[in-house]
Amino acid sequence: MDILIYLLKTNLCLVVFYGFYWVFLRRNTFFVANRFYLVGSILLSFCLPLIKVKHNYDFESTLPLTLNEISTEYCRSLFYTPILSNFNWIDLLAVIYLTGAVLILSKVAFAFFKIYNLLINGDPLGEEETREGRNYWLLKSEDSISSYSFFNFLILNRNDLHYNRSMITDHEEVHIGQWHSFDVLLLEFVHIFCWFNPIVNLYKHSIRQIHEFIADGIVSDDEKVSYAEFLFAYNFKSNASSLSNNFFNDSLLKERIMMIMKERSPAWTKTKYLLIVPLLVVMGYFIVVKDIRRGDDAWKPRTTLKK
């Protein structure tokens, strides 16, 4: 039952934190700050429910109930409703949850296997062909896939190696240098544990967006139009893996071009990030705090006696 309450708190945090991002931050061009907000909010969502603080302050008015005051009996009453006699709904939920987690885990494992095969089948290029001072492995692939990066590996397909190498290498080096693959991997593991929460898919899409916006940021103002034309002209290719940072992702093409052409956000909009402080205070109260004056029966199920 403690695991159920932990998952409830974690997913509630994810919903609230992403809602804040969607309302206040997603249109900003402070991409690095948005990236750290999304990744940080995910880590906080998993850490906050593990913290428990008890208080017994003397307030004239009663404070709102918090999630730490949900009793085990109350949660059990929600699922032990006698619709069918001798049927354990919690066991059914556990089976459904574990089945979904195993399916997502299998999908992630397959993606790892796919990208592993691409890496071992890639032909390493000599050190003289790798840019001086760049600390990554440069590989060439004969497969008809989009060029991509994964942690410290940069894989170029045959066409890009000869025709688009400089532009694509510049782009992918940003992904490598800023460890964008860590974010992708983190979201995949979050998806395993919170597969039932649609907000996780929105997190994944937003992280992918921000990664591309950051990497596209290397283009100067004078090169924006030609770079956008290049993205349009670049042949559509199948993605290498859901775990890799592909140079071309057709689902993000429109958003990338719109953001490339967009005016940079004015400096005053950075004040929006200050709203994170009251958000953390409110979330911290409802997730972390427990009023010991109310005891463990604050959310105890009510029973009615029939006369």
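The values are calculated or read from the model by the stated rules, or taken from the named source; none is laboratory data. Note that this is a predicted model, so its numbers are computed, not measured. Virtual Cβ from ideal backbone geometry, glycine too; neighbours counted across all protein chains shown. Note: areas computed on protein heavy atoms with side chains; ligands, DNA, RNA excluded. Shrake-Rupley method; radii C 1.70, N 1.55, O 1.52, S 1.80 Å.
Some points to look at:
- Label-point gap, in nm, between D222 and V277 - each point 7 angstrom along Cα→Cβ: 4.3
- Evaluating 6.51 cos²θ - 1.76 cosθ + 1.60 at θ = phi - 60° for every residue in segment 146-163, the Karplus couplings come out as 6, 4, 7, 10, 8, 6, 9, 10, 10, 10, 10, 6, 4, 5, 5, 4, 9, 10 Hz, glycine and proline recorded as x.
- Links that overshoot a 22 Å alpha carbon limit, given the list K52/K204; K224/K262; K224/K254; K114/K224; K52/K272; K224/K270: K52/K204; K114/K224; K52/K272; K224/K270
- Simple spin-label estimate for H162 and A33 in nanometres, 7 Å along Cα-Cβ: 4.6
- Largest-first ordering by accessible area, 1.4 Å probe, given options L274, L8: L274, L8
- Using 0.36 nm per residue and subtracting the Cα-Cα separation, the extra length available between H205 and Y285 on full extension is 25.9 nm.
- Inter-label distance for E229 and L92, nm, one decimal - labels placed 7 Å from Cα along Cα-to-Cβ: 6.2
- Ordered by 1.4 Å accessible area with all protein chains kept, R256, R264 run largest first as R264, R256.
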